[in-house]
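Here is the structure we will look at.
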């Protein structure tokens, strides 16, 4: 069950700590451990539905990636965060497109299975292509590439800025602002069209 308000998982206002509390020693060590082992993520506190009272929300620990960090710091609103998650899911489905196989009954022969799998991949490729065309129409080619580098390839902003030839702190800040503006533009477009666009 969703929380009563439209609040997202990063809106911690009036969300209590669970009765057992959060382990303070682990919470103090976990960001350093996460950065050492994985580099692109760390642990943070989010609001989740209470398992015993679904209408309430409590605080819990979760793994933060780039979108989570930007949302928790207040650089993205909830709509931009959700648009970023949708873009990230589309980029992940692009990577899985080659290995996609439709589930079918056992009584279909191998040739028919292969043909049906090909048709499924073509349909998924068409959907992905429509979404990429939508991104290019809304934010342009360079910002679509920037979204691909950060959400698809999971590169840090500093590497993405260098790929666009923008070095130094000014180039990094410019790249981060362009990224946030691109997500806001996508979120506003989806809101204007009732989230019906590809």
Requested in this report: Test residue 186 against the stated conditions and say whether it is modelled with pLDDT of 85 or more, part of a helix (DSSP H, G or I) and touching a helix residue (DSSP H, G or I) at 6+ places or on another chain (Cβ under 6 Å).
Outcome: yes
Query raised in the report: From the list 30, 40, which one is in contact with a strand residue (DSSP E or B) (Cβ under 6 Å, 6 or more places away or on another chain), closer than 27 Å to residue 80 by Cβ and either assigned to a loop (DSSP other than H, G, I, E, B) or at pLDDT below 65 (or both)?
Result: 30
Report summary line: Considering region 54-81, residues that are within 16 Å of the chain's Cα centre (by Cα) and part of a strand (DSSP E or B), and then whichever is surrounded by the most Cβ atoms within 10 Å (Cβ to Cβ), we arrive at 64
Query raised in the report: Only one residue in 16, 51 is at pLDDT 80 or above, more than 22 Å from the chain's Cα centre (by Cα) and part of a loop (DSSP other than H, G, I, E, B). Which one?
Result: 51
Requested in this report: Count, please, the residues in region 120-142 that happen to be buried (at least 17 other Cβ atoms within 10 Å of the Cβ) and closer than 12 Å to residue 179 by Cα.
Outcome: 1
Query raised in the report: So residue 71 fits all but one of (1) at pLDDT below 80; (2) touching a helix residue (DSSP H, G or I) at 6+ places or on another chain (Cβ under 8 Å); what number is the exception?
Result: (1)
Requested in this report: For region 160-170, enumerate the residues that are in a helix (DSSP H, G or I) and under 19 Å from residue 139 (Cβ atoms).
Outcome: 160, 161, 163
Requested in this report: Would you point out which residue out of 190, 145 is more than 19 Å from residue 78 (Cβ to Cβ) and surrounded by 14 or more Cβ atoms within 10 Å (Cβ to Cβ)?
Outcome: 145
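The values are calculated or read from the model by the stated rules, or taken from the named source; none is laboratory data. For clarity, every value in this text was computed on a predicted model and none was experimentally measured. Neighbour counts run over all protein chains shown; Cβ positions are idealised from the backbone, glycine included.
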